[in-house]
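Before any comments, here is the structure.
None of the figures in this text is laboratory data; all of them are computed from the coordinates on show. The structure presented is a predicted model; accordingly, all values stated were derived computationally and were not measured. Backbone-built Cβ (ideal geometry, glycine too); neighbour counts: all protein chains shown.
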Amino acid sequence: MQRLTNFGEEIDKDMKITPLASLLFLPALFSCVFQPEAEGALELPELNPTDRIVEYTGYVSSYNTETLIPDWVAYELTAEETEGTLSRDDRMFSMDRNFKGRQAMREDYYDSGWTKGHMAPAADLAWDERAMDESFYFMNVCPQKEYLNKKDWQYLEKQVRSWARRYGKVWVVTGPIIGKNIYGTIGERNVVVPDAFFKACLVYTGSRYESIAFVMGNDEKRYFLADCAMTVDDLENITGIDFYVALPDEIEDIAENTYTLSVWGIK
């Protein structure tokens, strides 16, 4: 169910506090020893008043009505959700008719040479019919090179599911890097084609929080995970996005300034 169009604007009047609004109460949550069961939307980056935040069943999107692609998409993926069996067959990409503002359309992608790349993969949302359908909204889509979409980016998505199964859940933030916009735009609405894509992941190992980030160019190069991995701090410097702000500062600082490949099963 879509509940928000702008940060802080509640559409569902029957709900007193949405998951996003609950972030206002995070200081109280963290006044004692931080426990993983006390999380409050750990996947969400820092929100800005100008963000167009839209919450769906399986993910949250910060949709940019100028670029017509999301600035980021965030979601929590649990081990149970990775067992979803719904098929993406016969589902079509579409606009969200409830969203008030400019959106990309299927026509923008026709004969463009770019695929419609999911940010939150449909396979991560196969646990619920509505979640799967909403994954095909353009709030979750960017123009993506077909080779990347079907090769190394897809491999990274599969790894994310394996991390959810290993640690019980993973908090994911993913999206485009426009950079110098070397590929320009597509379609009559001038949908921006990203230069690259990022994915940030956070897990709780049972004793501590661990994070890692990846950047892959929107091209046909090979991207081995060990080579394109970086700290979340480094990704913040690239994107300007402040990730995992729901963590207490002392935990966030430690988790984001390093990564350990063995934690992620990467050699």
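Sorting 244, 63 on the 10 Å Cβ count, fewest up front, what's the list? If you can, show how the numbers build up before the last one.
Working: 244 23, 63 26.
Exposure proxy ranking, most exposed first: 244, 63.
Length gain on complete extension for the stretch residue 180 to residue 253, per 0.36 nm per residue less the alpha carbon to alpha carbon distance?
The span from residue 180 to residue 253 would gain 23.4 nm if fully extended.
Hey, which lysines would be in cross-link range of residue 169, C-alpha to C-alpha under 26 Å, not counting anything within fewer than 8 residues on its own chain?
Qualifying lysines at Cα under 26 Å: 150, 151, 158, 199, 267.
Check the straight Cα-Cα distances from residue 100 and name the lysines below 18 Å, setting aside those fewer than 8 residues away within the same chain.
13
Tell me, 152, 234 in order of fewest to most beta-carbon neighbours within 10 Å? The partial results should precede the final answer.
Working: 152 20, 234 15.
Listing 152, 234 from fewest to most nearby Cβ atoms yields 234, 152.
Taking just the alpha carbons, could you work out the radius of gyration and Dmax for the chain, both in angstroms?
Final numbers for Rg and Dmax: 17.6, 55 Å.
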